[in-house]
1. Pull up the range 41-71, narrow it to residues that are surrounded by fewer than 20 Cβ atoms within 10 Å (Cβ to Cβ) and among the β-branched types (Val, Ile, Thr), then point me to the one that is nearest to ALA107 (Cα to Cα).
2. Just to be sure, is MET104 within 23 Å of ASP31 (Cβ to Cβ) and open to solvent by less than 50 Å² (accessible area, probe 1.4 Å)?
3. Given the conditions (1) over 26 Å from ARG112 (Cα atoms); (2) open to solvent by 20 Å² or more (accessible area, probe 1.4 Å), which single one is not true for ASP17?
4. With the requirement that a residue be touching a residue at least 40 places away in the same chain (Cβ under 8 Å), open to solvent by 50 Å² or more (accessible area, probe 1.4 Å) and under 23 Å from VAL6 (Cβ atoms), what does the range 119-146 give you?
5. Could you grab me the full set of residues in the range 44-69 that are among the small types (Gly, Ala, Ser) and either in contact with a His (Cβ under 7 Å, 6 or more places away or on another chain) or closer than 20 Å to ASP146 by Cα (or both)?
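The values are calculated or read from the model by the stated rules, or taken from the named source; none is laboratory data. The structure displayed is predicted, hence computed values, not measured ones. Neighbour counts are summed over all protein chains in view; Cβ atoms, including those assigned to glycine, are modelled from backbone coordinates with ideal geometry. Note: accessible area is taken over every heavy atom of the protein model, side chains too, but ligands, DNA and RNA are not part of it. Shrake-Rupley method; radii C 1.70, N 1.55, O 1.52, S 1.80 Å.
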Amino acid sequence: MQATTVVLGIGNTLLGDEGVGVHAVARLHRDHAHRQDIRFLDGGTLSFTLAVPLCEAQRLVILDAAELNASPGTVRLFEGDELDAYLNAGARRSVHEVGLLDLMAIARLTHRLPSWRALIGVQPASVDWSETPTAAVSAAIPQVCDMTMALLKRWSLRESA
């Protein structure tokens, strides 16, 4: 079966909490590798090559560090239009080669923007040289994983209704 769902973890694992999306997608892949319908993708610091899997997905969940103006380790879900509004709200700090907003624009321009799309963002405590996230962000990774799988289940139930 071809994967119709992409779970994309993005971030730089050399910058502490900035790598939370990559750490979370690695854990999801480890725990759910048997799921043929889900493609767990380490997007690293992004590039235009990610436009293809993003545009081919029917469902897209992005995992990343996000400025939430909240306590470190806070997790928040942005779904559908709320995701679009968050990305368009202004300049975001990013160490990514290509911004997520750019990739979403490519999908929109090619009329391939997944209608089922979400960002699960985690408030970083530190974006500085470190190969491991801070304690607060590390503790949030299981919540990110649980939230991802619950979201996919909810979407699946909505589609079949």
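1. VAL52
2. Answer is no for this residue.
3. Going through (1) over 26 Å from ARG112 (Cα atoms); (2) open to solvent by 20 Å² or more (accessible area, probe 1.4 Å) one by one, ASP17 breaks only (2).
4. Across the range 119-146, the qualifying residue is only GLN143.
5. Selection gives ALA65, ALA66.
Each row is one residue, and each column tells you yes or no for (1) in contact with a helix residue (DSSP H, G or I) (Cβ under 7 Å, 6 or more places away or on another chain); (2) modelled with pLDDT under 90; (3) in a helix (DSSP H, G or I); (4) at negative phi.
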| position | (1), (2), (3), (4) |
| --- | --- |
| GLU18 | no, no, yes, yes |
| VAL22 | no, no, yes, yes |
| GLN36 | no, no, no, yes |
| THR49 | no, yes, yes, yes |
| CYS55 | yes, yes, yes, yes |
| GLY73 | yes, no, no, no |
| GLU82 | no, no, yes, yes |
| SER94 | no, yes, no, yes |
